[in-house]
1. Starting at 0 and stepping by 5 Å, how many percent of the alpha carbon pairs of region 68-223 end up in each bin?
2. Any chance you could get the radius of gyration and Dmax over the Cα atoms of the chain, in Å?
3. With charges set only on the Cβ (+1 for Lys and Arg, -1 for Asp and Glu), what does the dipole of region 254-412 come to about its Cα centre, in debye to the nearest 20?
4. In region 184-221, which chymotrypsin sites (Phe, Trp or Tyr not before Pro) fall in coil by DSSP and have 16 or fewer other Cβ atoms within 10 Å?
5. Rounded to the nearest 20 Debye, what is the dipole magnitude of the chain about its Cα centre when Lys and Arg each give +1 and Asp and Glu each give -1 at the C-beta?
6. Can you tell me the 0 to 90 degree angle between the C-alpha axis of helix 55-91 and the longest principal axis of the chain, rounded to 10?
7. Quick one: Cα centre-to-centre distance for region 391-440 and region 44-119, in angstrom?
8. Share of region 265-374's accessible area from carbon and sulfur, percent, 1.4 Å?
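The values are calculated or read from the model by the stated rules, or taken from the named source; none is laboratory data. Predicted, not measured: the structure shown is a model, and the values here were computed from it. In this analysis, Cβ positions are derived from the backbone assuming ideal geometry, glycine residues included, and neighbour counts consider all displayed protein chains. These area figures cover heavy atoms from the full protein model, side chains too; ligands, DNA and RNA do not enter into them. Shrake-Rupley method; radii C 1.70, N 1.55, O 1.52, S 1.80 Å.
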Amino acid sequence: MKTTASQTLQTGNPLGYKPIGGLLLSFALPSTISCLVNSVYNIVDQIFIGQGVGYLGNAATTVSFPIATILMAFATMIGSGGSAYAAIKLGQGEEEEAQRTLSGVLGLSVLIGIACAVLGLVFLEPILRMFGATDAVMPYAKDYTSIMLLGAPFSVIGVGLSNMARTDGSPRLSMYGILIGAVLNSILDPLYIFVLHWGVKGAAVATITSQILSALIMLTYFSRAGKRPDHMRFTRRYLRRPTGRVLGKILTLGVSSGITSGVACIMQVVMNNSLVHYGDQSAVGGEVALSAMGIVMKFTMILGSVAIGIGVGSQPILGFNLGAGHFHRIRKTYLTAAISATVSISLCWVLCQLFPYGIVGIFGGGNPQFTEFAVKCLRVYLFGIFCAGFQIVSTNYFQATGQPLKASILSMLRQLLLLIPLIVILPMFFGLDGILFAGPTADILSAVIVALFIVPEMKKLQAKVRAEDTAADTLKVQTV
C-alpha cells in the first residue's frame, strides 16, 4: 500500500513534524549510548584481560581487532543502508518497500555473518599473522579470535537490525538491546577470567554470549505484530523473496559506512605491523607498542562513538524529510547534529589530554615502559580528534540524503587516503613517533577537505529552503 507524504504525517510519525532539537536528542541519545555500549564489548574485554592475563593478552585483542572491524564493516553497511532506504520510503509513504528492506537486511546479515565465520576459522593463523601477531602473542590471539568468530552471525544481525529499529521509531529499543548485552558481558568477563580461569577464552565466550542475546532481542521485536500499519515487521512473503532491487539499494546506500569500517581494518593491519617493526627498532619493543596502541584505538572508539551516535541518530530524520520534501528540516538537522558532535567529542578530547595516566591505568599496569608509551600515544595520536565530529556527521548526511558517491569518498578520506600513507611515510623520518604524528595530521587535513564538500551542499540546500518558503507563502496567499 502506498500513501502520500501528507497522509504519512497524519499517522503521527514524529520525524516529519516534531521540533528538530528534541527529535534529534530522542534519536541521537539512544544511538550514542548504543555505539558507546557496542564499543564497551571490546573495551571491557581489554580491561579484564589486562588485569587477568597481562599485556600479551591485550596485544592479542589488538591483533584480533581488525576481524571485529571487518564484521562491523559488513554490519554497518547492511544496517545503515537499510535504515537510510527504509527511512526515505517511509517518508514517501511506501510502507511495503520498507518491509521488503527489513527482510533484505536480515537475509544479508545471516549470509554474510556465516561466510565471515567460516572463512575466518579456516584461515585463522595466516590471518592473525598478517594482522601483526608475533610468536608470543599468537596462542592468545588464536584462543580469543576462534571463539569470537563463532558469534559472527549474531554480531552482524544485532547491529543490522538495531539500525532498522531506530528507523522504525524505536531508538530506545535499539539501545536497550545492546545495553543488556553489554551488562551481561561485564558480568561474565570477571566470572570466566578470574573465577573459572579461562583467560582470553573466557572474555571471548562472554562477548559472543552477549551478542547472541542482543540479536535475539532485535529478532523478537521485528517478529511481533505491530500496533501501527507503518511499523516494519518480518513477513513470510518478503522473507522468502527479498528482491534484488531492494538488496542493491541497501548495499549502495550502505557502502560508505562499510567502507569506513573496512578501511579501518586495513589501517589497523598497516598500523599493527608498523608498530611491531618500528617498536622492535626502538627501546619500547614491538609487543609493548602493539599493546599500548591497542588501548588508544579502543579509547578512540569511545570518542568516535559520540559522533557516530549523533550521526546515526540524525539519519532517519534526514531520510524521512528528504522523502517528504521538507528541506528546512534537513538543513536544521544537519547543523544541529554537526555542532553537537563537535562539542561533545571536544569535551572528551580535553579529558584525554588532561588525565591520560588515569585512562591508561584502567587497562592494567605493571610495566612502566608500557604505561609511558601508552600515555604518549594517547596524547599525541589523538591530538586532532576534536575534528572527527564534523567529519562523521557530514559523511552520514550524504549517506542519509541518497548521495552514496560523496559519502563513499568521505568515508575513505581520513584513513585510506591520508592516515595509511602517513603511517607508512612518517616513520621513515621519525621512527616509532612518526606513527603517532600520523593521527593528528590526518584528522586536521581531512576536516579541511570535508568542508570543501559540505559548504557547497549547504548552499544548495539553503536555496531549496528559500524555494520551499516561497511556495508555502504562495499557498497561504491563495488560501486567503
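1. In order of increasing distance, the bins hold 2, 10, 17, 19, 17, 14, 10, 6, 4, 2, 1, 0 percent.
2. Taking only Cα atoms of the chain, I get Rg and Dmax of 22.5, 81 Å.
3. 620 debye
4. none
5. Result for the chain is approximately 1720 debye, rounded to the nearest 20.
6. With both axes taken from Cα atoms, the answer is about 0 degrees.
7. Each part reduced to its Cα centre gives a spacing of 21 Å.
8. 70 percent
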